[in-house]
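Shown next, in structure tokens, is the structure this report addresses.
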Amino acid sequence: MTQATSRLIFVLSAVVSLGPLSIDLYLPAMPSMVTVFGTSVDRVQLTLSSYLLGFAFFHLVCGPLSDRYGRKPILLAGLSVYVLMSVLCALSDTIEELIIFRFFQAMGACCAPTLGRAVVRDVFPPEQAVKALAYVSSLMALAPVAAPSIGGLLLLYGDWSLMFWALALCGVFVMGLVIFCVPESLPEKQSLHPKQITQNYLTLLKSADYMGNVLTAACMYAGIFAFLSGASFVLITFMEVKTEHFGFYFVCIVVGYISGNLFTARIGYRWQSRKVFRLGISISCGASFLMVVFCLMQWFSVLFVVVPVAFVAMAVGIVMPNATAEALRPFAHMAATASALMGFIQMEAAAASGLLVGMYLQGSPLPMALVIFGTGCCAVLCYWLILPSGSRKDNV
């Protein structure tokens, strides 16, 4: 790997990190926001769900725009929106205002992972894309490690709004990286005619190979998000973990995710890709099933929640780079559109899992555990029922 390639991977990792950073940084503040805004848990959860909805829907717009006008201009436009909305989030006086501004903040943030994946597909040949995506994901995972800890520390010196000021500064920093370090990589311009855009999306939706990879990855991602949406209430409120210590438990989760990414990057090119895929799905189902058993036995311990989720995160780290590379492989001519639809489906699945956890999470981690296990089972079904049998055969 050349120095220029390593630098590009580092910069793209910083770009795509805005997404998880915008979710994880303010997680420690969510319980206190219930009191500050004089509202309920489910209303505070809506600040997360609205972010996911905005993140999901604007994928469908920024992908075709990028396939027409280029990766860099659309990425910079999205980051500008992100910075502005982060400031407005920090200035919100009511929970309703925060919910609305979070939606538009996500519209700007979603350009980062969508176009980051597209740049990887543009720049790297197919056989190297899996490794590149795995390295990007590994570096990106440092954001969830640091974000909750930083969020907990910020709460010692200010209130929840301080976190959104920090996100605005991060957005400005990433804009600088994009301006000076990210090349324009659009291979060929696509039409913005509604008929052509519709045809492109229909082509993707009709591809069993594409949809099998995307839906399997979306279910796996939804499992991790079920934990993220309920973690602060389970660990801080139910298990009485101190706010400033909350972030440390995320280290185990992210170590699991990074381990899965590095396994894919180091071993994936020697193993047959579908063998790696099946390994990840099996780990996810097994670990989440154990967490359900622990909850049913009423063995309520931080370790009995965090350790199984760490293995689920490892499974996601194994599956996601493979699924992304395989899904985008046949669609180099519209990589941003394919990446956008993938991101849209992932975010919709994540929003659904977060909504389920928010609706039923009352006094026990069991609802969260059941949702995580359910998403793992759905991933198995998508892999075996949707992905064509030829694509499930081991291949290099």
Just wondering, is there one or more residues in segment 301-318 that are surrounded by 24 or more Cβ atoms within 10 Å (Cβ to Cβ) and over 23 Å from Pro367 (Cα atoms)? yes
With the structure loaded, tell me whether Ala340 is surrounded by 24 or more Cβ atoms within 10 Å (Cβ to Cβ), hydrophobic (A, V, I, L, M, F, W, C) and within 21 Å of Ile281 (Cα to Cα) or whether it fails that test. no
Test Ser138 against the stated conditions and say whether it is closer than 30 Å to Gly376 by Cβ and touching a Gly at 6+ places or on another chain (Cβ under 6 Å). no
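Every residue, every condition in (1) closer than 18 Å to Met211 by Cβ; (2) among the small types (Gly, Ala, Ser), yes or no:
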position: Phe238; (1), (2): no, no
position: Phe246; (1), (2): no, no
position: Ile258; (1), (2): no, no
position: Gly280; (1), (2): no, yes
position: Gln298; (1), (2): no, no
position: Val302; (1), (2): no, no
position: Val305; (1), (2): no, no
position: Asn322; (1), (2): yes, no
position: Ala340; (1), (2): yes, yes
State which residue is nearest to Phe250 (Cα to Cα) when the search covers only segment 152-165 and only residues that are modelled with pLDDT under 85 and of a type in the set (Gly, Ala, Ser). Gly152
Anything in segment 106-130 that is touching a Gly at 6+ places or on another chain (Cβ under 7 Å) and either among the hydroxyl-bearing types (Ser, Thr, Tyr) or part of a helix (DSSP H, G or I) (or both)? List them, or say none. Ala106, Met107, Gly108, Ala109, Cys111, Ala112, Pro113, Thr114, Val130
Looking only at segment 353-366, count every residue that is in a helix (DSSP H, G or I) and either under 14 Å from the mean Cα position of the chain (by Cα) or at pLDDT below 85 (or both) and tell me the total. 6
Of the candidates Asp67, Asp42, the one satisfying the condition of being touching a residue at least 12 places away in the same chain (Cβ under 8 Å), in contact with a helix residue (DSSP H, G or I) (Cβ under 9 Å, 6 or more places away or on another chain), surrounded by fewer than 19 Cβ atoms within 10 Å (Cβ to Cβ) and assigned to a helix (DSSP H, G or I) is Asp42
Taking the conditions exactly as written (surrounded by 15 or more Cβ atoms within 10 Å (Cβ to Cβ), outside any helix (DSSP H, G or I) and among the hydroxyl-bearing types (Ser, Thr, Tyr)), does Ser232 satisfy them or not? no
Of the conditions (1) within 24 Å of Asp24 (Cβ to Cβ); (2) in contact (Cβ under 8 Å) with a residue 60 or more places away in the chain; (3) not aliphatic (A, V, I, L, M), Glu326 clears all except one; give me its number. (1)
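Condition check ((1) of a type in the set (S, T, N, Q); (2) touching a helix residue (DSSP H, G or I) at 6+ places or on another chain (Cβ under 9 Å); (3) assigned to a helix (DSSP H, G or I)) across all residues:
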site: Glu188; (1), (2), (3): no, yes, no
site: Gln199; (1), (2), (3): yes, no, yes
site: Ala217; (1), (2), (3): no, yes, yes
site: Val254; (1), (2), (3): no, yes, yes
Would you check if there is a residue in segment 105-119 being closer than 30 Å to Gln362 by Cα and either in contact with a helix residue (DSSP H, G or I) (Cβ under 6 Å, 6 or more places away or on another chain) or not acidic (Asp, Glu) (or both)? yes
When you look at Ala369, is it modelled with pLDDT under 85, in contact with a helix residue (DSSP H, G or I) (Cβ under 6 Å, 6 or more places away or on another chain) and assigned to a helix (DSSP H, G or I), yes or no? no
Selection count where residues are basic (Lys, Arg) and touching a Ser or Thr at 6+ places or on another chain (Cβ under 8 Å), scope segment 23-82: 2
Any idea which residue in segment 302-335 is farthest from Asp67 (Cα to Cα), counting only those that are assigned to a helix (DSSP H, G or I) and of a type in the set (Phe, Trp, Tyr)? Phe304
Anything in segment 356-371 that is among the hydrophobic types (A, V, I, L, M, F, W, C) and buried (at least 20 other Cβ atoms within 10 Å of the Cβ)? List them, or say none. Leu356, Val357, Leu361, Met368, Ala369, Val371
Expected single match for surrounded by 13 or more Cβ atoms within 10 Å (Cβ to Cβ), of a type in the set (Gly, Ala, Ser) and assigned to a helix (DSSP H, G or I) among Gly171, Gly176 is Gly171
Those residues that are of a type in the set (Gly, Ala, Ser), within 27 Å of Ala231 (Cα to Cα) and either surrounded by fewer than 15 Cβ atoms within 10 Å (Cβ to Cβ) or modelled with pLDDT under 85 (or both), I need them from segment 261-285; list them, please. Ser282
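The values are calculated or read from the model by the stated rules, or taken from the named source; none is laboratory data. As the structure is a prediction and not an experimental result, all values here were calculated from the model. Positions of Cβ are backbone-derived with ideal geometry, glycine not excepted, and every protein chain shown enters the neighbour counts.
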